[in-house]
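The structure appears right after this line, and notes come after that.
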Amino acid sequence: MIDSDETIERLRREPQTEFTLKRALQEMGINVPRGVLLKEPPESINIPFPVALKVSDENVLHKTELGGVKIGIESAGVLRNEINKMKEKFPDSSFLVEEMIQGGIEIIVGLSRNPVFGLSIMLGMGGTMTEIYNDVTFRLIPVIAQDCSDMIDEVSVGRFTGNGFRGKFIDRKILIEFLLKISELGSKGTDFIDQLDLNPVKIDGDKLFVLDAKIIKYIMDSGGNE
Amino acid sequence: MFEALLKPKTIAVVGASENPMKIGYAIMKNLIEGGYDGEIFPINSNSSMILGLKAYSTIVEIGKKVDLCVIAVPASSSIKAVRDLVDLGVSHIVLIPGGFSETGPAGKELEKKVMEIVKGTETRIIGPNTVGVYFPYAKVNTALTPPDRVSFPGAGDIAFISQSGALGLLTMDSISEFGIGISAFINLGNRIDLDEIELMEHFNSDPNTGSIAIYIESVDNGKLFYETLKRVNRAKPVVVLKSGRTKSSAKAASLHTGSMALDDRIFDGMLRQAGATRAFNEVELIDYSKVLSYSPQLKGKNIAIVTTAGGVGVITADYVSATDHGIGMNLAVLKEETKRRIRDSIIAFGSAENPVDLTADGSPDSYGLVLSALLDDENVDGIIAYALPQTPKMNLGIADIIAKYSESGKPIVVGVIGSMLGTELIKEFENKKIPAYPSIERTVLSIKALYNYSKYMEERNND
């Protein structure tokens, strides 16, 4: 499914920023918001407002908590202003400006490593309530389509498939394809992925976008064991 | 590969004793009273006869090939015995004593010594820190409990692998009450050599085994466990009881996914992916193993209920339909023709709707007519049938009737409530390999386990 192992190879070597990770996802045929990486405030940008502004730096993993995210920016003037403010906090960083994706349902998809079973894939409802309701499910990678379908039915995500729920709808086939791609990414990246968070992923019908992506690299211990 | 373990022609017992306070006595007693018909060689340097059998002062003295040797001397003295047995080419050693890694670093060293001795040889170790093994088909019982304290199940379908010895013995003692049979019991103990993965492989092709029940506390090789489980489960359904549900190696400071990745969530997902059945206690472990071995697959969610007690029928109906305190399946909507046939078979004030109620008027004969009508109805995928022997027209013959209709290809899971005749009746069903349970909830949960397994197999038919 991933056309070239180059994508994986680059991901393995490159600094693990949201930008590089999203570019890799895009190469795998996964939608991400249109975005541009900047060092300085721009005169104008090629993305319709409103936009989101995020610090892009391998060393800043939890951006929101550190004040590295601003959403709902309505004009080029406000954007320049916000970038200048953020540069005070993160003088050496780059900045990612992205289109804002409206509507849809937020889910979380991720990979995580277990000492006994290796990498597994997770699916859950997005948002802060995920952890409170334990609305998540796991499978070892690689998964097959039926595993993905089972996962969807084990969490609330499944309620939005079929005829949808209160006007909101998730296309099961699209979500399964997405999960299969992430599973494949995990299989090919077993030697360097420790954890991956795609959170949130927005789905509106058959339109799926990864809005935020984080990765923690896996470093084998000196003995070469997991 | 485990022929010598499971069907040994000769068994030696190191530490055999005539002193009833020693485990070497209990093991000898269990072997002899269990009816083992191979040769037994008691090893004890202080006696010439033990329990009527010629005793040997050393293993070397036997001068014959030993298939299975049980070591019942303390950990420290067991090392020499292991070395002697390996030199003689004994196939399998059941290493009973505790005092190994479960006690600390010194014990861990002893285990390493044992493994160094057997490494590269033909000899395999079961244990240490094991209560023993029990193979009813070969009448081999090496349990360390006195025979007058524990009942052992007869020969049957379930291969029972347990990391804990006590839980295994207690479970076997419990299920014996209802005549549930097993094909083998192996207590892995500290599991330094033989493990559940190899045993699953073995039971996969064992004609006596219909399903596999596993109690484990940990898994060492996760990937191999998963792959073996997934493959074996297709032919021999595997039920897994795993303790340590709240322990976790999930990382505290990490990404969302990592912080949610509790060990048990991964394990649970792994079981679902493998299609294995999860049990949460020793009762479910055997209940599910039974239904998965005895019943044909349940091809859909639509369940018909047959009862002679209205209350039992409606509570079961709630359990079948509800998702909370229930199994979220469907009550079959009966065809008119089915209802007509049922009305013709039961008393006028009974219910020909699902749940079908024959009332206290129900007899084995009328029950048979009802089952026949339900099985012919394509809206019915499976049946929960209550065999309640307390009313005048009902009798133990109900087991024969249900057995007759159990050949149809659609599963019938039986509930039996009560003790005066109930226990006897469950034994009858057990004899006929029809899954029967002594409560509403256990009956309903078992049919759900069967449904989940069948659904998994159906959905992955072409993989």
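The values are calculated or read from the model by the stated rules, or taken from the named source; none is laboratory data. This structure is a prediction, so every number in the text was calculated from the model and none was measured. Note that each Cβ is placed from the backbone with ideal geometry, even for glycine, and that neighbours are counted across all protein chains shown. For accessibility, only protein heavy atoms count, side chains too; no ligands or nucleic acids. Shrake-Rupley method; radii C 1.70, N 1.55, O 1.52, S 1.80 Å.
Per-structure values
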{"quantity": "Only listed residue being over 19 Å from A:THR7 (Cβ atoms) and more than 14 Å from chain B (Cβ to nearest Cβ), chosen from A:LYS188, A:LYS207", "calculated": "A:LYS207"}
{"quantity": "Counted residues, the range B:223-262 - those being modelled with pLDDT of 95 or more, part of a loop (DSSP other than H, G, I, E, B) and under 18 Å from A:ARG113 (Cβ atoms)", "calculated": "0"}
{"quantity": "Total residues in the range A:94-113, condition away from every other protein chain (no Cβ under 14 Å) and in contact (Cβ under 8 Å) with a residue 40 or more places away in the chain", "calculated": "11"}
{"quantity": "Single residue of A:VAL157, A:VAL201, A:VAL143, A:VAL116 found to be touching a residue at least 12 places away in the same chain (Cβ under 8 Å) and either in a loop (DSSP other than H, G, I, E, B) or open to solvent by 40 Å² or more (accessible area, probe 1.4 Å) (or both)", "calculated": "A:VAL143"}
{"quantity": "In the range B:405-417, the residues that are outside any helix (DSSP H, G or I), crowded, with 18+ Cβ neighbours inside 10 Å and among the small types (Gly, Ala, Ser)", "calculated": "B:GLY415"}
{"quantity": "Some residue of the range A:125-139 being open to solvent by 30 Å² or more (accessible area, probe 1.4 Å) and basic (Lys, Arg)", "calculated": "no"}
{"quantity": "The range B:132-158: number of residues that are in contact (Cβ under 8 Å) with a residue 24 or more places away in the chain, open to solvent by 20 Å² or more (accessible area, probe 1.4 Å) and assigned to a loop (DSSP other than H, G, I, E, B)", "calculated": "10"}
{"quantity": "Evaluation of B:MET21 against (1) free of Cβ contacts under 8 Å to residues at least 24 places away in the same chain; (2) open to solvent by less than 60 Å² (accessible area, probe 1.4 Å); (3) under 22 Å from B:GLY99 (Cβ atoms) (one fails), failing number", "calculated": "(2)"}
{"quantity": "Some residue of the range B:103-123 being touching a Phe, Trp or Tyr at 6+ places or on another chain (Cβ under 9 Å), among the polar types (S, T, N, Q) and open to solvent by less than 40 Å² (accessible area, probe 1.4 Å)", "calculated": "no"}
{"quantity": "Whichever residue in the range B:51-81 is in contact with a Lys or Arg (Cβ under 8 Å, 6 or more places away or on another chain) and of a type in the set (A, V, I, L, M, F, W, C) and, among such residues, is farthest from B:ASN190 (Cα to Cα)", "calculated": "B:LEU51"}
{"quantity": "Residues of the range B:428-441 classified as surrounded by fewer than 18 Cβ atoms within 10 Å (Cβ to Cβ) and part of a helix (DSSP H, G or I), total", "calculated": "2"}
{"quantity": "Extreme residue, nearest to B:ALA385 (Cα to Cα), among residues of the range B:340-371 that are of a type in the set (Lys, Arg) and free of Cβ contacts under 8 Å to residues at least 24 places away in the same chain", "calculated": "B:ARG343"}
{"quantity": "Residue within the range B:433-441 that is among the small types (Gly, Ala, Ser) and farther than 22 Å from B:ASN281 by Cα present", "calculated": "no"}
{"quantity": "A:PRO91 within 14 Å of chain B (Cβ to nearest Cβ) and not in a strand (DSSP E or B)", "calculated": "no"}
{"quantity": "Subset tally (residues that are more than 21 Å from B:GLY418 (Cβ to Cβ) and within 27 Å of the chain's Cα centre (by Cα)) for the range B:302-322", "calculated": "2"}
{"quantity": "Subset of the range B:266-283 [assigned to a strand (DSSP E or B) and open to solvent by 10 Å² or more (accessible area, probe 1.4 Å)]", "calculated": "B:THR277, B:ARG278"}
{"quantity": "Tabulated pairs, the range A:55-80, first farther than 16 Å from A:ASP92 by Cβ, second among the β-branched types (Val, Ile, Thr) and open to solvent by less than 40 Å² (accessible area, probe 1.4 Å), C-beta under 6 angstrom, 6+ apart or interchain", "calculated": "A:ILE73/A:VAL51; A:LEU79/A:ILE73"}
{"quantity": "Test result for B:ALA373, farther than 24 Å from B:SER293 by Cα, among the hydrophobic types (A, V, I, L, M, F, W, C) and open to solvent by less than 10 Å² (accessible area, probe 1.4 Å)", "calculated": "yes"}
{"quantity": "Selected residue (only one of A:ARG23, A:ARG10, A:ARG80 is part of a helix (DSSP H, G or I), modelled with pLDDT under 90 and either open to solvent by less than 70 Å² (accessible area, probe 1.4 Å) or more than 14 Å from chain B (Cβ to nearest Cβ) (or both))", "calculated": "A:ARG10"}
{"quantity": "Some residue of the range A:27-41 being in contact with an Asp or Glu (Cβ under 6 Å, 6 or more places away or on another chain) and open to solvent by 20 Å² or more (accessible area, probe 1.4 Å)", "calculated": "yes"}
{"quantity": "Those residues of the range B:385-404 which are part of a loop (DSSP other than H, G, I, E, B) and either of a type in the set (Ser, Thr, Tyr) or closer than 12 Å to B:LEU425 by Cα (or both), in sequence order", "calculated": "B:ALA387, B:LEU388, B:PRO389, B:GLN390, B:THR391, B:MET394, B:ASN395, B:LEU396, B:GLY397"}
{"quantity": "Selected residue (only one of B:MET457, B:MET420 is in contact with a Lys or Arg (Cβ under 8 Å, 6 or more places away or on another chain) and surrounded by fewer than 18 Cβ atoms within 10 Å (Cβ to Cβ))", "calculated": "B:MET457"}
{"quantity": "Some residue of the range B:270-285 being closer than 30 Å to A:LYS214 by Cα, within 14 Å of another protein chain (Cβ to nearest Cβ) and out of contact with any strand residue (DSSP E or B) (no Cβ under 7 Å at 6 or more places or on another chain)", "calculated": "yes"}
{"quantity": "Residues of the range B:190-220 satisfying the condition of being away from chain A (no Cβ under 14 Å), touching a helix residue (DSSP H, G or I) at 6+ places or on another chain (Cβ under 9 Å), outside any helix (DSSP H, G or I) and open to solvent by 10 Å² or more (accessible area, probe 1.4 Å)", "calculated": "B:ASN190, B:ILE192, B:ASP193, B:SER205, B:ASP206, B:GLY210, B:TYR215"}
{"quantity": "Residue pairs meeting the criteria (Cβ under 7 Å; at least 6 apart or on separate chains; first assigned to a loop (DSSP other than H, G, I, E, B) and of a type in the set (Lys, Arg), in the range A:33-47; second open to solvent by less than 90 Å² (accessible area, probe 1.4 Å) and at pLDDT below 95)", "calculated": "A:ARG34/A:ILE47; A:LYS39/A:SER94"}
{"quantity": "Residue within the range A:135-149 that is under 26 Å from A:ARG34 (Cα atoms), at pLDDT below 95 and more than 9 Å from chain B (Cβ to nearest Cβ) present", "calculated": "no"}
{"quantity": "Residue within the range B:289-306 that is open to solvent by 10 Å² or more (accessible area, probe 1.4 Å) and either within 12 Å of chain A (Cβ to nearest Cβ) or in a strand (DSSP E or B) (or both) present", "calculated": "yes"}
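Okay, residues lined up against (1) over 14 Å from B:SER259 (Cα atoms); (2) within 14 Å of the chain's Cα centre (by Cα):
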{"residue": "A:ILE101", "(1), (2)": "yes, yes"}
{"residue": "A:MET122", "(1), (2)": "no, yes"}
{"residue": "A:GLY127", "(1), (2)": "yes, yes"}
{"residue": "A:THR137", "(1), (2)": "no, no"}
